[in-house]
Number of protein chains: 2
Amino acid sequence: MAKLDFFYEFASTYSYPAAMRIDDLALDYDVEVNWRPFLLGPVFKAQGWETSPFNIYPEKGRYMIRDLERICEADGLPPFRMPKTFPAYSILPARVALCFTGELRAAFSRAVYDAEFAGGADISDTKVIGKILRMLGEDAAKLFEKVNTQPVKDLLRNETEAARKHGIFGAPAFVTADGELFWGNDRLEMAMEWAAKNGV
Amino acid sequence: MAKLDFFYEFASTYSYPAAMRIDDLALDYDVEVNWRPFLLGPVFKAQGWETSPFNIYPEKGRYMIRDLERICEADGLPPFRMPKTFPAYSILPARVALCFTGELRAAFSRAVYDAEFAGGADISDTKVIGKILRMLGEDAAKLFEKVNTQPVKDLLRNETEAARKHGIFGAPAFVTADGELFWGNDRLEMAMEWAAKNGV
């Protein structure tokens, strides 16, 4: 089955609509999606940015919100909401996601995005993430211990490094088995098509 | 008939595929397109950039070329070529375009983009622009005089100012009659749909 790596950042607004539709789309294209959370912070820092470009360039930021309102409406998602702090501090959900595999990682990730961009919640808050974990039937207390262990920290660091090695400079990004890189929710269909045609 | 303002910059890579397909698409949506060339330079300067973000961020620049190669192939355009100087110095073609109206402005603009991104030509070169003008049956010598007159200079300055007033921060950009802004070749269909639904 053809494979597609889905690199996403929990603080990234455009990763949200991609996360909400990628698995349905993958069924249509018969592609297996590998959900790979990473941190954009170090990538942005390497580009000389201390925050999101949507904060650095206010006109771009204002446009982004309007654009996402339209995208959410077109995709049948709840009205788009910006969380109070943007970009969110996303280390906690990223590490939790890496404690899971397969369908559970995807379900957790979608729930985080829903809380953040439909609910306006602060995803660095253990109460917010704890509630999601309980909804999924997971042991929040145990996971909050696990995310502070070195193996989990290293895993996230390695995934962020892997993203950089693929030439990723923003999120979401999609990488096919033959190394082709696609950037942005807008390129999801193109990435799926490429994966289906050129995949193993 | 519903109207859509098409703001484009001759040095802008993503304006190229938009220019090549916008008039065909407009027929499908029954929308009237107003071609409005402007200069991104002053807009970028206001954002603190002295050149294209694709030069400032090399990974983004490399990705952009690959992305446009794929887009050109998907759209049935000739293989994408970067001109030797990027971004091109686009004042000459922008001013010439503003000497024309309607279908002639669109035809001239498409020819400039084709010379630049399919032919790799330098669009600041009067020989390159002169050849295009002769192909269109226009008097190049007369136009090269006209572009240095104050009314034409003012026209381009005003169009660039109009773009900024619409909140435009990149090209291509599309603005509907009710003031809705869409950015990027990726948003052309969405802009057309909006214009057709909400246009006068």
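The values are calculated or read from the model by the stated rules, or taken from the named source; none is laboratory data. Just so it is clear, the structure is predicted and the values come from calculations on it, not from any experiment. Here Cβ is always computed from backbone atoms with ideal geometry, including for glycine, and neighbour counts include all displayed protein chains.
Taking region A:56-97 on its own, how many of its residues are outside any helix (DSSP H, G or I) and more than 14 Å from chain B (Cβ to nearest Cβ)?
15
For region A:156-193, which positions are free of Cβ contacts under 8 Å to residues at least 60 places away in the same chain and over 16 Å from B:TYR63 (Cα atoms)?
A:ARG157, A:ASN158, A:GLU161
Whether any residue in region A:163-174 is outside any helix (DSSP H, G or I), within 16 Å of A:LEU25 (Cα to Cα), within 13 Å of chain B (Cβ to nearest Cβ) and at pLDDT 95 or above is what I want to check.
Yes, region A:163-174 contains a residue that is outside any helix (DSSP H, G or I), within 16 Å of A:LEU25 (Cα to Cα), within 13 Å of chain B (Cβ to nearest Cβ) and at pLDDT 95 or above.
Scan region B:134-180 residue by residue and report those that are in contact with a strand residue (DSSP E or B) (Cβ under 8 Å, 6 or more places away or on another chain), of a type in the set (A, V, I, L, M, F, W, C) and surrounded by fewer than 18 Cβ atoms within 10 Å (Cβ to Cβ).
Correct list: B:ALA162, B:ALA177.
Checking the condition assigned to a loop (DSSP other than H, G, I, E, B) and of a type in the set (Ser, Thr, Tyr), which residue from A:SER109, A:SER124 passes?
A:SER124
I'm told B:GLU189 meets every condition in (1) within 14 Å of chain A (Cβ to nearest Cβ); (2) part of a helix (DSSP H, G or I); (3) crowded, with 16+ Cβ neighbours inside 10 Å except one. Can you identify the failing condition by its number?
Among (1) within 14 Å of chain A (Cβ to nearest Cβ); (2) part of a helix (DSSP H, G or I); (3) crowded, with 16+ Cβ neighbours inside 10 Å, B:GLU189 violates only (3).
Residues in region A:75-98: is at least one among the acidic types (Asp, Glu) and without any contact (Cβ under 8 Å) to a residue 40 or more places away in the chain?
No, region A:75-98 has no match at all.
Here is a list of conditions, (1) within 14 Å of another protein chain (Cβ to nearest Cβ); (2) under 16 Å from the mean Cα position of the chain (by Cα); (3) over 24 Å from B:LEU68 (Cβ atoms); (4) at pLDDT 95 or above, and B:PHE100 meets all of them except one; can you say which number that is?
Looking at each condition in turn, B:PHE100 falls short on (1).
Could you list, in sequence order, all residues of region A:31-55 that are surrounded by 15 or more Cβ atoms within 10 Å (Cβ to Cβ), in a helix (DSSP H, G or I) and within 14 Å of chain B (Cβ to nearest Cβ)?
Within region A:31-55, A:VAL43, A:PHE44, A:PRO53, A:PHE54 meet the criteria.
Which of the residues that make up region A:112-127 are surrounded by fewer than 20 Cβ atoms within 10 Å (Cβ to Cβ) and under 21 Å from A:PRO78 (Cα atoms)?
Residues satisfying the conditions are A:ASP114, A:ALA118, A:GLY119, A:GLY120, A:ASP122.
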